[in-house]
Amino acid sequence: MDKLIIKGGTRLKGSVTISGSKNASLPICIAALLAPGASTISNVPELRDITTTAKLLGSLGAVVERNGSTLRIDAKTINTVEATYDLVKTMRASVLVLGPLLARFGRARVSLPGGCAIGARPIDQHLKGLKAMGAEIRLEHGYVEAIAKKQLKGERINFDISTVGGTEHMLMTAVLAKGETILENAAREPEIVDLADCLNQMGAKIEGAGTDTIHIQGVNGLLPTAYEVMPDRIEAGTFMVAAAITGGNVNINSMRLEHLDALCFKLQDAGVEITNKDGVVQVKGPRRPQAVNIRTRPYPGFPTDMQAQFMALMCVADGASVISENIFENRFMHVSELQRFGADITIEGKTATVKGVKKLSGAPVMATDLRASASLVLAGLVADNITEVSRIYHLDRGYEHLETKLSGLGASIERVQEP
């Protein structure tokens, strides 16, 4: 098992290029199941979750080939509609194969999903939508079995909550349903728009992606396509915080600043300078950030996937900040590890109060989930002495070569194998 060794205290300087979006790549690769033939998906990051997705698609009979950042997925050879527990257990997004398999083949059997332990993320909204379109659903022995005795039909589906996975799932399923499907209270994230753009390029008829009401006109079939995935906005946000927390000066390439408005406003409130010139975003950190309050919300609100990283920044801010987590109930698991650096954090329910300290001290810490891992690395970059971050397999699920990119900005960070 690997760990990261970080010697803190270096101001980050230079340029970094953002990889393709993990959260967009996963559903787009799964969408390839809908079209018999070979689709080519480019700008796909090299991550554990992408490798898991490729194995999952391969287990269904698809031929998956990787060449650099490009995946070629031939879904003509699908020979089973069952996704087993061994593959699904490590990644929650695996459940998204259920709808495409059902829509194309009339049945599917998929293990209930796993993933990060950051709180309950039930798939009831997914199943609600499939039932509305005419599927029979059975839950047995840890599996979801869905059967459509005739073609799925378009329906009005009103989500009880804003659900990214549920919206993606219904998008992929409804494109082959008969008639019109309307998704109400749909998630608005940029990754939803990217998926819809890819599906439309395959021949789907989707309007309204990026708003809370999406219209899908069912079509008889889709064609394979070649599509380039959007940049990863959470990786970009993490590097913005890395520049801010170290008082650095970093140019970030291949990012879309408009996807991070809520984060940018809060960073600017904290004293961070952000400029966008010719597609390159320059981030200059202050000598010491100012304390700022945040509340996580569905997009376009402050992203829950940036909460842990922003908390690390607030640990060294001037003043006290209040951080409210409104998406996942277990997303403060990084707090106890940040406290090992000397951070002053108290939790009451869904709210954390962070009193900034002038210095953090390096410590051995352990990652609990993907974004928590990033917050510990950020704290290590600014802490005195040496920080060791273990269980970084979480980090490898969502950040492509993070230590290499940080080293390129001057950070003293290396990956070593634990005994």
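Just so you know, all these numbers are worked out from the coordinates, no wet-lab data involved. This one's a predicted model, so the numbers in the text were calculated from it and none came from an experiment. Note: ideal-geometry Cβ built from the backbone for every residue, glycine included; neighbour counts use all protein chains shown.
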Open item on the list: Please check: in the Gaussian network model of the chain (C-alpha springs, under 10 Å), which one of 68, 319, 237 has the largest mean-square fluctuation.
Closed with: 68
- [ ] Enter the Cα centre distance for the pair region 255-303 and region 180-238, rounded to the nearest angstrom.
- [x] 26
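Order of 158-164, 194-200, 371-377 by packing, highest average Cβ count within 10 Å first?
371-377, 194-200, 158-164
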- [ ] Could you list 366, 172 in order of exposure, starting from the residue whose Cβ has the fewest other Cβ atoms within 10 Å?
- [x] 366, 172
Task: Packing-based exposure ordering (other Cβ within 10 Å, fewest first) of 219, 110 - done: 219, 110
Task: Pairs from 3/277; 76/150; 13/89; 55/266; 150/205 whose Cα-Cα separation, in the structure shown, is over 28 Å - done: 3/277; 13/89; 55/266
Task: 5 angstrom amide H check on residue 61, placed H, neighbours 5+ away - done: 79
Open item on the list: If amide hydrogens are placed 1.01 Å from N in the peptide plane, which non-local residues have theirs closer than 5 Å to the one on residue 226?
Closed with: 40
